[in-house]
1. Would you please list the contacts, defined by Cβ atoms under 7 Å and residues six or more apart or on different chains, that run from a residue in the range 72-94 that is farther than 15 Å from L35 by Cα to a residue that is hydrophobic (A, V, I, L, M, F, W, C) and open to solvent by 50 Å² or more (accessible area, probe 1.4 Å)?
2. Taking only pairs six or more apart or across chains, which ones have beta-carbon atoms under 7 Å, a first residue in the range 33-59 that is part of a loop (DSSP other than H, G, I, E, B), and a second residue that is at pLDDT 95 or above and of a type in the set (D, E, K, R)?
3. Which residue out of R21, R8, R76, R40 is under 10 Å from the mean Cα position of the chain (by Cα) and open to solvent by 70 Å² or more (accessible area, probe 1.4 Å)?
4. Can we say D48 is of a type in the set (D, E, K, R) and at positive phi?
Amino acid sequence: MKKISDYRFYDSWVLDELDIRPDEEFLITNDIGDLKEGQRVTFVGFDDVDNHYGIFVFVDADDKVLEVPGDFSGPRHSSMTNLKLALSKMPRSN
């Protein structure tokens, strides 16, 4: 079972590219990695494993850790494009 403590999170340029920050909630619009269409998840962080490969880490409503791993080496790389298309930001609740 995956745990948040298994990861080392970084403030990477990829967060700006996706306009994503920890604790933001998303509705998943299509399957990618561990994320399934229709699921609501919270972004936890980005683990920059090496200069090409990284893991976006989310949790679901039951705090299950979900990963989207891939080659996030450039803004037009397919992994980045596919993740952008899969995330729909949920409005913040007051």
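1. Short answer, once both residue conditions are applied: M90/L27.
2. From the range 33-59, the pairs are G33/E67; D34/E67; E37/D31; Q39/D60.
3. Answer to the check: R21.
4. Judged against the criteria, D48 is not a match.
The values are calculated or read from the model by the stated rules, or taken from the named source; none is laboratory data. In this text the structure is predicted, and so the values were computed from the model without any measurement. We place every Cβ from the backbone using ideal geometry, glycine too, and count neighbours over all the protein chains shown. The area values use the complete protein model at the heavy-atom level, side chains included, leaving out ligands, DNA and RNA. Shrake-Rupley method; radii C 1.70, N 1.55, O 1.52, S 1.80 Å.
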